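Read the structure below first, then the notes.
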Amino acid sequence: MSQNDCSHDYPHILRVLTLSRRLTRPSDDPTLITLSALLHDIADAKYIPANSTTHATPKSFLLSVSCPASIAAAVDTICSHVSYSKEIKNPARVQEVLKVYPELAVVQDADRLDAIGAVGIGRCFAFGGAMKRVGGLKGCVDHFGEKLMRLEGMMKTELGRELAGERTRRVREFERWWREELGEVEVKEGDKEKKWDVEDSYEGFENV
């Protein structure tokens, strides 16, 4: 993971770990949650070369440090189903895993909470820049609606839903600011509605 950009780096892992601990319920296995939070991005396909055959997986790493096979297998299964895109493609499979490992809900929610709010906005732009997202900055903002603002409805823990609500409001507010500054939305000036136009910003500069 040392080669990852700052949207999926070690501080991201620590934030997911902290959020996971906050979301953990009395019935959850804290060992599975801690290990899954720490290792959930270790085999992220976005950062693995297409022909790589030597990258580590959560299971292979844990077995290499003498972790019991049953725990390694459970963590591997949880980590393999944290992904948003995998859930979109096969939601039924995620539900099956949740029945066996309810801890998946905690790690999923924690990872998704880090994708929204102020931190999530920063990560979105960081990832877009690193991967040269189509559309540049606009492509990053478009991603808010394509994914980030959908995450609130996918939260599985009660506290996760609560926290996601506030973080999603922050994303919506940032998007509104963005549209305002580009003159794409109506903005209020006093009691008067007006369309802010980019050309207005040059008024008075003609003779400078």
Show the residue pairs meeting these rules: Cβ distance below 7 Å; 6+ apart or different chains; first residue within region 26-38 and surrounded by fewer than 16 Cβ atoms within 10 Å (Cβ to Cβ); second residue of a type in the set (A, V, I, L, M) and at pLDDT 95 or above. Thr31/Ile71
Residue ranges of helices (runs of 4 or more DSSP H) in region 86-196 with at least 2 members more than 19 Å from Ser36 (Cβ to Cβ) and at pLDDT 90 or above: 91-100, 117-130, 158-181
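Out of all the residues in region 141-156, which are buried (at least 19 other Cβ atoms within 10 Å of the Cβ) and either of a type in the set (Phe, Trp, Tyr) or under 13 Å from the mean Cα position of the chain (by Cα) (or both)?
Phe144, Leu148, Leu151, Glu152, Met155, listed by residue number.
The values are calculated or read from the model by the stated rules, or taken from the named source; none is laboratory data. Remember, it's a predicted structure, so these values are computed and weren't measured experimentally. Cβ sites come from the backbone with ideal geometry, for glycine too, and all protein chains shown count toward neighbours.
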